[in-house]
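Input: a single structure, listed below in structure tokens.
The values are calculated or read from the model by the stated rules, or taken from the named source; none is laboratory data. Note that the structure is predicted; figures quoted are calculated from it, not measured. Ideal geometry is used to build each Cβ from the backbone, glycine not excepted, and the neighbour counts take in all protein chains shown. We work out accessible area using only protein heavy atoms, side chains counted, and drop any ligands, DNA or RNA first. Shrake-Rupley method; radii C 1.70, N 1.55, O 1.52, S 1.80 Å.
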Amino acid sequence: MRLRVILATLLAGLFVSSMCFAGFDEGMEAANKGDFATAVRNWMPLADQGNADAQYNLGVMYGNGLGVPQDYKEAAAWCRKAAEQGLAIAQSNLGLMYFNGQGVSQDYKKAVAWFRKAAEQGDAGAQSNLGVMYDKGHGVPQDYKKALPWYRKAAEQGETGAQFNLGVMYDKGHGVPQDQEEAVAWYRKAAEQGDAGAQFSLGVMYDKGRGVPQDYEEALAWYRKAAEQGEAGARFNLGVMYDKGYGVSQDYEEAVAWYRKAAEQGLTGAQSNLGVMYDKGLGVPQNYKEAAAWYRKAAKQKDAGAQFNLGVLYDKGHGVPQDYKEALTWYRKAAEQGLAGAQSNLGVMYDRGHGVSQDFREAAAWYRKAAEQGFAIAQSNLGVMYEKGRGVPQSKVVAYALYDLSAEGDPSEANGAAKNRAALAEFMSGKAIDIAHILARQMTKPGYMLKTLDQYVKHPIIKEVPNQATCRD
């Protein structure tokens, strides 16, 4: 879940009505008809005489360029006059001006002060915004417990942003014990008022079965509502639903359409997934160049999957000229983020000397990282390194254990682990194979793979004859 800063647009054109004063009603009538210049002429004398409502309304006019040239400084000046007379909506908007640095120097502490004045008068927008300031630590020390009551005050008045943020607090356990059912309740209140962020979050709760029974169809419905309002995360998730056939018939073309909308909004996951669709020809004709373009957009935003896939395209010369050095660069970026496939492929590059000087130790180091994450191909490749003694001490027992582990995770012929294991077995005693099986079982324990492997290499149970490589490259 993400936490949105709910800060209303500056001087959003909400005029206030006043007690009967000559010219005020005429100004309101003109403004309601869109004749803003006439409204300004009617309100200006009243504002000069100290009428707070007229002063605030002039601030709205200057802030939005209605009937006068847009001028934030002038807007702030009129808002201040009204705010100093205690008009809550003016205090709230002046707080926004300090928050955004419009017409005044940005100053979070002054924003907090004005939000507080308005909030204490019951202004829901100011209460919500004061909650945000405590939530984010803007102008005050971050304090979730102090944010919570302000969100609640505003939420109970029906302020959608506060309802959404209160949902986030319960969802994350910020300032309150985590309570996903309560989070759902507040998300729903905001979602039913049309808040796109809340609709998206409510979709996530149904998608994941958090606080409600998992229900893909309900998730889909809420994602769609948010997506139709332009919420990028909802558009992406809606694409995933169509891509995977969750809550709806699988439809790659529809998935592509939603991925594209989110991707064009800059959402990295959608850019990456759209690249995959072009790469695989799902919902669109296969087009490696288009895949590369979308992968690159996401990769530049540090999406590990896109970095890896872009590396593969350079490695294979698909949609781009084959370039091992460029492939190496992208594999490394993804590998350093912990992506097992990229770590494995980076190991292969060092193993074969593609785009870099051949270096078995470096290859083994990257295979180890991927193997520890359970990546079967890396486990098999690491087995080859131990069998041949390349970059690591030679050990048939360790090699066999790694092949065994890899074949269990991926028994496909493409992996080759089962074949390597069978070939190696011809050169091992029954006792050595038994030990390797025990070793493999110990290596399956979470967090024990490399520890078990390294411990055996240091203290082998049986003595092995070195330099008898048995397995083909």
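Once the Cβ-Cβ distance of residue 390 and residue 244 is raised to the sixth power relative to R0 = 35 Å, the FRET efficiency obtained is 0.30.
Mean projection of the Cα convex hull over all viewing directions, computed for the chain: 29.2 nm². Couplings 3J(HN,Hα) for the stretch 360-370, derived from phi with the Karplus relation 6.51 cos²θ - 1.76 cosθ + 1.60 (θ = phi - 60°), are 5, 5, 5, 4, 4, 4, 6, 4, 4, 4, 6 Hz, where x marks Gly and Pro.
Positive contributions from Lys and Arg (+1) and negative ones from Asp and Glu (-1), summed over other residues with Cβ under 13 Å from the Cβ of residue 123, come out at +1. For the chain, averaging the sequence separation of C-alpha pairs within contact (under 8 Å, six or more residues apart) and dividing by the residue count gives a relative contact order of 5 percent. Rolling a 1.4 Å probe over the protein heavy atoms gives the stretch 87-218 an accessible area of 40 Å² per residue. Counting only lysines at least 8 places from residue 419 when in the same chain, those with an alpha carbon closer than 19 Å to its own are 388, 396. Within the set 33/109; 261/316; 431/451, which residue pairs have Cα atoms separated by over 27 Å? Violating the 27 Å Cα-Cα cut-off are 33/109; 261/316. Were the residues from residue 286 through residue 336 laid out at 0.36 nm apart, the gain over their Cα-Cα distance would be 15.1 nm.
Under the simplified labelling scheme, the residue 73-residue 358 pair shows an inter-label distance of 7.2 nm, with each label point 7 Å from Cα along Cα→Cβ. Listed by chain and number, the aspartates and glutamates whose alpha-carbon sits under 13 Å from that of residue 300, ignoring those within fewer than 8 places in the same chain, form an empty set. A 23 angstrom limit on the alpha carbon distance is what I want to check against. Which of 153/225; 110/189; 117/153 exceed it? From the list (153/225; 110/189; 117/153), the Cα-Cα distance tops 23 Å for 153/225; 110/189.
Annotation: per residue accessible area for the stretch 316-377 equals 49 Å², rounded to a whole number [probe 1.4 Å, protein chains only]. The 3J(HN,Hα) values that the Karplus relation (6.51, -1.76, 1.60; θ = phi - 60°) gives for the stretch 249-258 are, in residue order, 5, 4, 8, 5, 5, 5, 4, 4, 4, 6 Hz. Gly and Pro appear as x.
Ignoring any ligand, DNA or RNA, what whole percent of the accessible area of the stretch 394-448 comes from carbon and sulfur when the probe is 1.4 angstrom?
53
Where in the chain is the longest stretch that carries no trypsin sites (Lys or Arg not before Pro) classed as loop by DSSP and with at most 13 other Cβ atoms within 10 Å?
34-301
Residues whose amide H comes within less than 5 Å of that of residue 173, counting only those at least five positions distant or on another chain, are 179 (H built at 1.01 Å from N in the peptide plane). Simple spin-label estimate for residue 414 and residue 143 gives 5.8 nm between the two label positions (7 Å along the Cα-to-Cβ direction from each Cα). Charging the Cβ of each Asp and Glu at -1 and of each Lys and Arg at +1, and nothing else, the dipole of the chain about its Cα centre rounds to 1720 debye. When the P(r) is computed for the stretch 203-341, the part past 19 Å accounts for 52% of the Cα-Cα pairs. Charges were assigned to the Cβ only: +1 to each Lys and Arg, -1 to each Asp and Glu. The resulting dipole of the stretch 180-339 about its Cα centre is roughly 600 debye. Across the stretch 186-202, rounded Karplus estimates of 3J(HN,Hα) from the backbone phi angles (6.51 cos²θ - 1.76 cosθ + 1.60, θ = phi - 60°) give 6, 4, 5, 4, 6, 4, 5, 8, x, 6, 5, x, 5, 4, 4, 5, 5 Hz, Gly and Pro being marked x. Rounded to the nearest 500, the helix-only mean residue ellipticity at 222 nm of the chain stands at -21000 deg cm²/dmol, with each DSSP H run of n ≥ 4 adding -39,500 (n - 2.57). Between the listed residues 185, 412, 370, the Cα displaced farthest toward the positive end of the dipole of the chain, a dipole computed from Cβ unit charges relative to the Cα centre, is found at 370. Residue separation of residue 100 and residue 172 scaled by 0.36 nm, minus their Cα-Cα distance, works out to 23.2 nm of gained length.
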